[in-house]
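Have a look at the structure below, then the notes.
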Amino acid sequence: MVALILGIESSCDETAAALVEDGTRVVSNVVASQLDVHARWGGVVPELASREHLRAIVPVVREALNGCRPDAVAVTEGPGLAGSLLVGITYAKALALAWSKPLIAVNHIEGHVHAVVMEHRADLRFPALALVVSGGHTHLFELDPEFRLRLLGRTRDDAAGEAYDKVAKLLGFGYPGGPVVDRLAKFGDPRAVKFTAPNMKGNPLDFSFSGIKTAVLRWSQERDLAAEIAARRALLSARSRPTDEEWLAVTPRETLDLLASFQRSVIADLLDHVEQARRATGARSAIVTGGVSANAGLREAAQRLRLPAYFPQRALSTDNAVMIAAAAFPKFERRDFADSTLRAKVSLAL
Ligand code: KG4
Ligand code: ZN
């Protein structure tokens, strides 16, 4: 069945729309990022996010459609910020109604998984694992050949991306933290600072990142970092996207060592969970997806896993609507449609 699906994603701080044919062929992919709006607050401000979504949704969808009329409208129903989700859901409902086309509700986390499935369906060996690591989630699933997800473990406190963001904010590197820490980590010594691995009582496949964040806070309090942090904040207010050289000029080696050690420790912890899950389930391949899957150190280290690991294209690592349209395709085939009672589900589980 040939199907052209419009995906709409507005769960956090990106307003995104995309057209995808048959769950695999990307016809258009538009993402309006709100990074510059939230950067000065050091994190996503929900009120500002919904206002920006309202501003962006019509032009973003119009650009993605480019005059086309899709066969269905897919939208993220959750998890995410209520006011942000509502903008996408309301607009998706209106379009589906106006065009008399089916409406399809997609779970955001399932979307991240499909960002990889759409490209690597033929490579995956089952059972497979899916590690979803972003600013809002750190979940490890087992994936069956029908792409159903069974939760193996999840974070009990901060998500991995959230730990990156909090550490970066604390040290004056701005928001979001992942990309800048990733870039600067390669200039430091990853063995300089030792972090103790969290002791997970109960489910060993659960995650915890609040300990390492606190360790970084303590590290910073033991030193007088006021001057370097002030210099970085000044750099950020002068330049919205500083280059590596500009960051290096305001970041002493000791801080670079800290960033490298933090990154190494987070990556080791994530991949250690994948290895433990491999042993527990007999998994034969893995998917790593979500914003943190853009991380260069993680991509490199994953090559040493004892199973093949597949990542999304960089552009599909962070939030986008291609993944929503791709995840909607199997639902379209099953005629698994939503109706006008669809609501935003802030803490939608899988
Ligand atoms: O998937 P995403 O766009 O939004 C959520 O669903 O949360 O993920 C955003 C998160 C942020 O926490 C950001 O710091 C992190 O992904 N991130 C990274 C990198 N690029 C983005 N974390 C580590 N390394 C990166 N290169
Ligand atoms: Zn996401």
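The values are calculated or read from the model by the stated rules, or taken from the named source; none is laboratory data. Model, not experiment: these values are computed from the prediction. Note: ideal-geometry Cβ built from the backbone for every residue, glycine included; neighbour counts use all protein chains shown. Side chains are part of the model used for accessible areas, which takes the heavy atoms of the whole protein and leaves out ligands, DNA and RNA. Shrake-Rupley method; radii C 1.70, N 1.55, O 1.52, S 1.80 Å.
What does the charge count near ARG264 come to, summing +1 for each Lys or Arg and -1 for each Asp or Glu among other residues with Cβ under 10 Å from its Cβ? Intermediate values should be presented prior to the final figure.
Numbers: positive: ARG191; negative: ASP189, ASP269.
So the environment of ARG264 carries a net charge of -1.
Hey, if you put +1 on the Cβ of every Lys and Arg and -1 on every Asp and Glu Cβ in segment 1-148, which of HIS114, LEU140, HIS38 ends up farthest toward the positive end of that dipole?
The listed residue farthest towards the positive side: HIS38.
Using a Gaussian network model on the chain with a 10 Å cutoff between Cα atoms, which of THR24, THR15, THR76 fluctuates the most?
Its mean-square fluctuation being the largest, the pick is THR24.
Taking the solvent-accessible surface of protein heavy atoms with a 1.4 Å probe, what is the per residue accessible area of the chain in Å²? Spell out each step's value before the answer.
Details: 15520 Å² over 350 residues.
Result: 44 Å² per residue.
Under the Kirkwood approximation for Rh and a Cα-based Rg, what ratio Rg/Rh is obtained for segment 227-350? Write down the numbers at each step before the final one.
Values: Rg = 20.2 Å, Rh = 18.4 Å.
Over the Cα atoms of segment 227-350, Rg/Rh equals 1.09.
So how much slack lies between SER33 and GLU254, counting 0.36 nm per residue of separation and subtracting their Cα-Cα distance, in nm?
Numbers: separation 221, 0.36 × 221 = 79.56 nm, distance 3.25 nm.
Separation in residues times 0.36 nm, less the Cα-Cα distance, equals 76.3 nm.
Summing Lys, Arg as +1 and Asp, Glu as -1, what charge do residues with Cβ under 12 Å from the Cβ of HIS108 carry, HIS108 excluded?
Values: positive: LYS345; negative: GLU9, GLU14, GLU77, GLU110, ASP319.
Computed value for this residue: -4.
Binning at 5 Å from 0, report for segment 187-231 what percent of all alpha-carbon pair distances ends up in each bin.
5, 16, 18, 22, 18, 10, 6, 4, 1
Looking at segment 135-181, which trypsin sites (Lys or Arg not before Pro) are in a loop (DSSP not H, G, I, E or B) and have at most 13 other Cβ atoms within 10 Å? Each step should come with its number before you reach the end.
On the way: sites: ARG148, ARG150, ARG154, ARG156, LYS166, LYS169; in loops: ARG148, ARG156.
Filter output for segment 135-181: ARG148.
Assuming R0 = 51 Å, what is the FRET efficiency of ARG121 and ASP224, from their Cβ-Cβ distance, to the nearest 0.05? Walk me through the numbers on the way to the answer.
On the way: r = 53 Å, r/R0 = 1.04.
Between ARG121 and ASP224 the formula returns 0.45.
Where nothing but the Cβ of Lys and Arg (+1) and of Asp and Glu (-1) is charged, how large is the charge dipole of the chain around its Cα centre, in debye to the nearest 20? Walk me through the numbers before you get to the answer.
On the way: 42 positive and 40 negative charges, 68 e Å.
Approximately 320 debye in magnitude.
Name the longest site-free stretch of the chain, where the excluded sites are GluC sites (Glu not before Pro) in a DSSP loop with no more than 16 other beta-carbon atoms within 10 Å. Write down the numbers at each step before the final one.
Working: sites that count: GLU146, GLU222.
In the chain, the maximal stretch lacking such sites is 1-145.
Quickly work out the ARG314-to-ARG279 label distance, labels modelled 7 Å from Cα along the C-beta direction, and quote it in nm with one decimal.
The two pseudo-label positions are separated by 3.5 nm.
At 222 nm, what helix-only mean residue ellipticity would the chain give, in deg cm²/dmol to the nearest 500, using -39500 (n - 2.57) for each DSSP H run of four or more?
Numbers: 12 runs with 156 residues, N = 350.
That comes out to -14000 deg cm²/dmol.
Give me the percent of accessible area attributable to carbon and sulfur for the chain, probe 1.4 angstrom. Display every interim value, and only then the final one.
Working: 8030 of 15520 Å².
C and S atoms contribute 52 percent here.
To the nearest 10 degrees, how steep is helix 108-120 against the longest Cα principal axis of the chain, on a 0 to 90 scale?
80 degrees
To the nearest Å, what is the center-to-center distance of segment 173-199 and segment 51-108, using C-alpha atoms only?
Cα centres, segment 173-199 to segment 51-108: 36 Å.
Over the chain, one equal point on each Cα, no solvent: what is log10 I(q)/I(0) by the Debye formula at q = 0.06, 0.08, 0.09 Å⁻¹?
Results for the chain at q = 0.06, 0.08, 0.09 Å⁻¹ read -0.22, -0.39, -0.49.
If one takes the longest principal axis of the Cα atoms in the chain, at what angle in degrees, from 0 to 90 and to the nearest 10, does the Cα axis of helix 210-221 lie?
40 degrees
Can you give the angle from 0 to 90° between the axis of helix 160-170 and the longest principal axis of the chain, with both taken from C-alpha atoms, to the nearest 10?
It is inclined by approximately 50 degrees.
To the nearest 0.05, what FRET efficiency results for LYS186 and SER100 with a Förster distance of 30 Å applied to their C-beta separation? Mind showing how you got there, number by number?
On the way: r = 53 Å, r/R0 = 1.76.
It comes to 0.05.
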